[in-house]
Amino acid sequence: MSNKIHYISFCSEGEPYDKGINLSNSKQILIDKLENTDIEYFFYSPRFLKENRYGEYVKEHANPGLVSMNPHMNLVGFCAWKPLIMLLQLEKMNDGDILVYRDCNCEKYGQLKDFDDFHNTVDSIMKIVNFDFFIPIESPDLKLGNHVKSNVIRELAIDVEFTRNFPLLIANILICKKSAVTLQILEEWKTYCMKDEYINGEQYGELFPEFRWYTPEQGILGVLISNYVYEGRFNIPKNYPNLMFSNRDIHNGIIIDTIESFTTNYMIDHNIPIGIIFVFSLCAYFYFRYISKYKHTKK
């Protein structure tokens with residue numbers, strides 16, 4: 001039997017409760033879907049956080065600045081609330097249970113209202129990732145340097161060039177098991193999300209030439225994850241997170257793995273046994289080893 005799944009999201013309500021986008025209709029659509037499942041769920045909001053003395057996590061920032069592609073995000077704390085609400089929900093859960101965070105705006109992204117075969121899909125994702133905390137790659141073509149302010153990378157990264165070239169991660173979905181590792185990751189993420197110079201859209205120092213725009217809370221988390229991989233902290237896999245989703249659809253996973261100098265991307269279906277994926281990867285590895293050796297011999 002799989003571990004119990006808890007689902008959370010965050011719904012800004014618009015005036016008079018907050019100055020964010022009114023996502024109340026999206027929230028109701030998601031509730032209607034969730035009511036037909038056995039998933040425990042809760043929707044956090046700026047109003048809830050203010051009423052429970054967490055108002056600093058949703059404070060208004062006058063200037064969006066470098067966060068130019070996410071309208072109104074500056075008016076609800078630049079998403080500094082994300083690690084907080086995950087920690088608040090984990091307090092209600094048993095060790096080993098699974099928490100899934102997904103964004104709320106299912107009217108913009110219809111994939112967010114898909115809860116078909118949710119348990120099996122989440123279980124498969126966690127087996128592939130092989131770590132207690134999961135955030136997917138956004139695109140293998142994008143790096144943290146494209147969407148993280150230089151001051152965040154320069155001040156938080158253990159190795160600036162490693163982090164700058166680390167794959168860009170996307171925090172529209174986060175899956176984690178309640179464990180000591182997960183709690184440490186979320187606490188560190190929350191700490192840095194509360195530093196104005198890291199979470200806000202202001203520019204501090206020269207930007208990297210490849211920089212496009214800032215994705216604040218997910219950028220901070222991406223830098224921290226890159227540090228864990230660089231150090232091998234928490235026994236995180238070296239190829240973490242090795243998974244992205246085509247069209248942001250959790251049923252369309254793409255395993256991303258590096259075999260010597262070759263990058264192999266291939267689609268997976270959550271019903272395919274993990275063993276088959278492993279055998280495929282192993283065969284690909286020996287195939288490339290054989291080709292490499294054969295070419296060398298011919299020379």
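Every number here is computed from the coordinates shown, using simple stated rules; none is lab data. Just so it is clear, the structure is predicted and the values come from calculations on it, not from any experiment. Ideal geometry is used to build each Cβ from the backbone, glycine not excepted, and the neighbour counts take in all protein chains shown.
Side notes on the structure shown:
- Derived scalar couplings between HN and Hα for region 61-73 equal 10, 5, 10, x, x, 6, 8, 8, 10, 10, x, 6, 4 Hz in order, rounded to whole Hz, by the Karplus curve 6.51 cos²θ - 1.76 cosθ + 1.60 (θ = phi - 60°), x for Gly and Pro.
- Label reach from TRP213 (point 7 Å along Cα→C-beta): in region 43-83, amide nitrogens under 13 Å belong to 64-74.
- Potential extension, ALA180-ASP249 segment - 0.36 nm per residue separation minus Cα distance: 22.0 nm
- Within region 85-112: backbone nitrogen closer than 17 Å to the ASN25 label point (7 Å, Cα to C-beta): 104-112
- Normalised radius of gyration (Cα atoms, divided by 2.2 N^0.38 Å) for region 9-128: 1.12.
- Rg(Cα) / (2.2 N^0.38 Å) computed for region 122-230, rounded to two decimals: 1.04
- Bins of 10 Å, starting at 0 and running to the largest distance - Cα pair percent for region 91-170: 14, 32, 34, 19, 0
- J(HN,Hα) series, region 84-96, from Karplus relation 6.51 cos²θ - 1.76 cosθ + 1.60, nearest Hz, glycine and proline x: 4, 5, 5, 5, 4, 6, 4, 4, 8, 9, 8, 4, x
- A simple packing score, the average count of other Cβ atoms within 10 Å per residue, orders the peptides 229-239, 19-29 as 19-29, 229-239, with the highest score first.
- HN-Hα J in Hz across region 192-206 - Karplus 6.51, -1.76, 1.60, θ = phi - 60°, x for Gly and Pro: 6, 5, 8, 8, 3, 5, 9, 7, 7, x, 6, 9, 10, x, 6
- Among 172-179, 197-204, sorting by the average number of other beta carbon atoms lying within 10 angstrom of each residue, highest first, gives 172-179, 197-204.
- Least to most buried among SER9, SER68 (fewest other Cβ within 10 Å first): SER68, SER9
- Ranked by the mean number of other Cβ atoms within 10 Å per residue, highest first, peptides 42-50, 249-257, 76-84 order as 76-84, 42-50, 249-257.
- From the largest down, the chain spans 74, 50, 34 angstrom on the principal axes of its Cα atoms.
- Here's how it looks for ILE256: its modeled amide H is under 5 Å from those of LEU243, MET244, which are all 5 or more places away or on a different chain.
- Between the Cα long axis of helix 274-298 and the first principal axis of the chain there is an angle of about 50°, rounded to the nearest 10.
- Counting neighbouring Cβ atoms within 10 Å and putting the fewest first, the residues ARG53, ARG102 line up as ARG53, ARG102.
- nm² value of the averaged projected area, convex hull over the Cα atoms of region 188-255: 6.3
- Around MET244: net Lys/Arg minus Asp/Glu count, Cβ-Cβ under 12 Å: -3
- On Cα atoms only, tilt of 24-34 relative to the major axis of the chain in degrees: 60
- Antiparallel %, DSSP beta bridges [both residues in the chain], to 5: 65
- Size of charge dipole - the chain - debye, nearest 20, with Cβ of Lys, Arg +1 and Asp, Glu -1, no other charges: 940
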